[in-house]
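See below for the structure under consideration.
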Amino acid sequence: MSVALDLESLASLELSGSDAPMAERGAISVIVPAKNEALNLPVLVERLFGVLRGIDRPFEVIVVNDGSTDDSLGALRALAAPYPELRAIDLARNYGQTAAMMAGFDHARGEIIVAIDADLQNDPADIPLLLAKLDEGYDVVSGWRVRRKDAAIRRNFVSRVANSVISRLSGVRLHDYGCSLKAYRRNVIGPIRLYGEMHRFIPIYASWYGARIAEIPVNHNPRLHGKSNYGLERILKVVLDLMVVRFLDKWIGKPIYIFGGFGALWFLVATISATYMFYLKFVRHLSMIQTPLPLLVVMSVMMGVMSICIGLVAEIVVRTYFESQGKTIYHIRERINLDEPSPPRPG
């Protein structure tokens, strides 16, 4: 992921001095992806700092400027002096909200990471509620916009349908995947890498690492300045990303099962077609060229062979993915009377 900050910007936007406070237990990093939010950022930062300074924990606020074409970067430069805990990342161009959040995660130093939108529709006053829920033993706490202030059909209804489908397919039951206001423990999102538009699926990824997930109602305000960066085209992106998440969840360690299953299905179609073809030929005395069955048999056999070959190639790719990086197909929450295992020796 490309991050562009010239030396002057770095000097003005990065916090100087020791990073020791952020190493303390319970330190908070607030991630704010922003695109064309120059009018909203001063108000948001003021509200954020008002809330965070009332919490007895070290904190930082990282705003990721995602290729804004307005004066968002200028607003951040102006805010850096009165708010020393404010940090900013200026992306080289617009990469999308997922990439902006990933940039924030990569630079965050807190033990707890809170994500919030820059458009003032999320309420910073809800952050202590998220933290209190984390303190009950949860690893991810997601906001639920119970009284959402958006278009009734184009946004709210479509969102409810999408949330229902995602919950059913993923097994992670949340009312509001689209709410950006969420709190995470670093240890459950540290291994996660996000691509495409998958920031809304972070709770699903976290569940793969054994995260305990909760959801609480949060406030939602109408947008005051600017316009939403999301349209109905996001529906297709959500569907395609959900297919990827579902595939990774079920088959990342055993792709031959799904591709081999398709291959077996095609061979079954070929067997049934060939049997019926020979029945018509020898029992009904109907010439094979009078039916499409010979073509169906050949096509089914070819598709079966191709599916199995793809599955075998996928198995090689998966093994390369895990073994080249020293990854495992399992995740350990805690070790008792056990040390970290030694890394495997190269063969």
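Each reported figure results from applying straightforward, stated rules to the coordinates on display, with no laboratory input. Keep in mind that this is a model prediction, so the values were computed, not measured. All Cβ positions, glycine included, derive from the backbone under ideal geometry; neighbour counts span all protein chains shown.
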Among all the lysines, which ones have a C-alpha under 19 Å from Lys133's C-alpha, if same-chain residues fewer than 8 places away are not counted? Lys182
Alpha-carbon centroids, region 263-304 and region 119-143: separation in whole Å: 60
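Grab the Cα-Cα distance for Leu248 and Asp339, subtract it from 0.36 nm times how many residues apart they are, and report the gain in nm with one decimal.
On the way: separation 91, 0.36 × 91 = 32.76 nm, distance 2.95 nm.
Here the answer is 29.8 nm.
Can you give me the orientation-averaged projected area of the convex hull built on the Cα atoms of region 7-251, in nm²?
Numbers: hull surface 50.1 nm².
Result: a mean projected hull area of 12.5 nm².
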Using the basic label-point model (7 angstrom from Cα toward the beta carbon), what is the Lys149 to Arg53 distance in nanometres? 2.4
Quick calc: nm separation of the 7 Å Cα→Cβ label points for Ala78 and Phe157 -> 4.2
Please say if region 154-204 is rounded, prolate or oblate, where rounded means a/c under 1.5 for a ≥ b ≥ c the square roots of the C-alpha gyration tensor eigenvalues, and otherwise the choice is prolate for a/b larger than b/c and oblate otherwise? prolate
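Please get the size of the charge dipole for region 7-251, origin at its Cα centre, with Cβ charges of +1 on Lys and Arg and -1 on Asp and Glu, quoted in debye to the nearest 20.
On the way: 31 positive and 29 negative charges, 221 e Å.
Once rounded to the nearest 20, the dipole reads 1060 debye.
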For region 146-211 versus region 49-63, the gap between their alpha-carbon centres in whole angstrom: 24
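Within a 10 angstrom radius of the beta carbon, how do Ile272, Ile166 rank from fewest other beta carbons to most? Walk me through the numbers before you get to the answer.
Numbers: Ile272 14, Ile166 25.
Lowest count first: Ile272, Ile166.
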Would you list Ser287, Ser142, Ser159 from fewest to most Cβ contacts within 10 Å? Ser287, Ser159, Ser142
Give the lysines reachable from Lys254 as a straight Cα distance under 30 Å; neighbours fewer than 8 places away on the same chain don't count. Lys237, Lys327
Rounded to whole Hz, the Karplus (6.51, -1.76, 1.60) HN-Hα couplings of region 316-325, x for glycine and proline: 5, 5, 4, 5, 5, 4, 6, 6, 5, 9
Put +1 on the Cβ of every Lys and Arg and -1 on every Asp and Glu Cβ in region 7-251; which of Ser159, Ser72, Pro82 then has its Cα farthest towards the positive end of the dipole? Ser159
Per principal axis, largest first, the Cα atoms of region 255-324 extend in Å by 59, 15, 11
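Give me Thr271, Thr320, Thr98 ranked fewest to most by other Cβ atoms within 10 Å of their Cβ, as a rough exposure proxy.
Thr320, Thr271, Thr98
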Give the shape of region 39-169 as rounded, prolate or oblate, defined through the alpha-carbon gyration tensor: a ≥ b ≥ c are the square roots of its eigenvalues, a/c under 1.5 means rounded, and otherwise the shape is prolate if a/b is larger than b/c and oblate if not. oblate
Run the quick spin-label model on Gln290 and Val43: label points 7 Å from Cα toward the beta carbon, then report their separation in nm to one decimal. 7.8
